[in-house]
Amino acid sequence: MRRAPTEPEVRLWRALRGSQLGVRFARQVPIGPYIVDFVARSARLVVEVDGETHIDRARDDTRTAWLEGQGYRVIRCTNADVMANLEGVCHAIGVALAAAPHPGPLPTGEREEC
């Protein structure tokens, strides 16, 4: 867990907190061996905001696969997405929330992004 969130995380949190998208999100939540940026537990949706520290795609894919194995959907947005198109990011999260519950892991190679 980081003490100070990044600016993109602060902006996205302002849009997610208080059930503004119809579900309650929490930030910096431990799930198993990972700490996710944002999670709506009732919807089983994890939202990750990826910055320069997420250059290791294989590591992110392993993390995503584990979370999906626990029944969570995972969507990833870049810092640039949040800073330049917060409305679009929130729309993508809303679409994910409206989608049918995730039945299990996505087929290999598929990945949801903002």
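The values are calculated or read from the model by the stated rules, or taken from the named source; none is laboratory data. A quick note: this is a predicted structure, and the numbers were derived from the prediction, not measured. Reconstructed Cβ throughout: ideal geometry from the backbone, glycine too, with neighbour counts over all protein chains shown.
Things to note:
- The number of residues in region 27-40 being more than 23 Å from Leu86 (Cβ to Cβ) and of a type outside the set (Gly, Ala, Ser) comes to 4.
- Subset tally (residues that are part of a loop (DSSP other than H, G, I, E, B), under 13 Å from the mean Cα position of the chain (by Cα) and at positive phi) for region 1-52: 1
This table checks each residue for (1) in contact with a helix residue (DSSP H, G or I) (Cβ under 8 Å, 6 or more places away or on another chain); (2) of a type outside the set (Val, Ile, Thr); (3) at pLDDT 95 or above.
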{"site": "Asp50", "(1), (2), (3)": "yes, yes, no"}
{"site": "Asp56", "(1), (2), (3)": "no, yes, no"}
{"site": "Thr62", "(1), (2), (3)": "no, no, no"}
{"site": "Cys77", "(1), (2), (3)": "yes, yes, no"}
{"site": "Val82", "(1), (2), (3)": "yes, no, yes"}
{"site": "Gly88", "(1), (2), (3)": "yes, yes, yes"}
{"site": "Ala98", "(1), (2), (3)": "no, yes, no"}
{"site": "Pro103", "(1), (2), (3)": "no, yes, no"}
{"site": "Glu112", "(1), (2), (3)": "yes, yes, no"}
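- When Thr64 is tested against (1) outside any helix (DSSP H, G or I); (2) within 11 Å of the chain's Cα centre (by Cα), just one condition goes unmet, and that condition is (1).
- Every condition in (1) touching a Gly at 6+ places or on another chain (Cβ under 9 Å); (2) crowded, with 16+ Cβ neighbours inside 10 Å; (3) outside any loop (DSSP other than H, G, I, E, B) is met by Gly94 except one, and the failing one is (2).
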